[in-house]
């Protein structure tokens, strides 16, 4: 898929993660309010954040959400892992706690969704959240996704959790 290098919104720039972002990434993802709500453990060091940038966050379709040049969160469109949604991309995201409640995530996600439909020609985009993640549920509803189903899945922490799946079409 040919994702654009960057995506500009009114207040934000979505751009690739850089190795020089490791300290900023760590400043957010050590916080246990971030990782576990997404299914991964908080980072234990800046070195771990750097390895995450080099590996997971370097994937095509993954962007740092930046405000005035500084990363404040992450957003991506990646192949879904749920068998019921195979062949489609799934929106994933997190935001650094100091930036919660400012409308940045719906703004960033809306831009990436538009890109997916208008530039990449996607016919459906999926999104999911753990049942207890009410912040993600609010974002998903603001974005106009439609609830489709629930599934029990094991997360990256080895826990079995209820996951709610939603889809959106152009």
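Kindly indicate the residue of region 117-146 that is farther than 13 Å from residue 85 by Cα and part of a strand (DSSP E or B) and also nearest to the chain's Cα centre (by Cα) among those meeting that condition. Step by step, filter region 117-146, then rank; the result is 129.
Only one of these is touching a helix residue (DSSP H, G or I) at 6+ places or on another chain (Cβ under 9 Å), assigned to a strand (DSSP E or B) and at pLDDT below 95: 167, 151. Name it.
So the residue among 167, 151 that is touching a helix residue (DSSP H, G or I) at 6+ places or on another chain (Cβ under 9 Å), assigned to a strand (DSSP E or B) and at pLDDT below 95 is 151.
Inspection of region 1-12 identifies no residue that is within 24 Å of residue 157 (Cβ to Cβ) and at pLDDT 95 or above. Taking the condition of being in contact with a helix residue (DSSP H, G or I) (Cβ under 9 Å, 6 or more places away or on another chain) and over 15 Å from residue 134 (Cα atoms), how many residues in region 30-43 meet it? The number of residues fulfilling the criteria is 6. Among the residues here, residue 156 qualifies as closer than 26 Å to residue 26 by Cβ, exposed (fewer than 12 other Cβ atoms within 10 Å of the Cβ) and in contact (Cβ under 8 Å) with a residue 60 or more places away in the chain.
Step by step: first the residues of region 122-136, then only those that are surrounded by fewer than 18 Cβ atoms within 10 Å (Cβ to Cβ) and modelled with pLDDT of 95 or more, then the one that is nearest to residue 103 (Cα to Cα). Which residue is that?
Initially, region 122-136 is screened for residues surrounded by fewer than 18 Cβ atoms within 10 Å (Cβ to Cβ), giving 123-124, 131-132, 134-135.
Next cut, modelled with pLDDT of 95 or more only: 123-124.
Numbers: 123: 26, 124: 24 Å.
Only one residue fits best here, namely 124.
Note on region 44-57: residues that are under 16 Å from residue 76 (Cα atoms) and either in contact with a helix residue (DSSP H, G or I) (Cβ under 9 Å, 6 or more places away or on another chain) or buried (at least 18 other Cβ atoms within 10 Å of the Cβ) (or both) total 4.
The values are calculated or read from the model by the stated rules, or taken from the named source; none is laboratory data. Since we're looking at a predicted model, the values are computed, not measured. All Cβ positions, glycine included, derive from the backbone under ideal geometry; neighbour counts span all protein chains shown.
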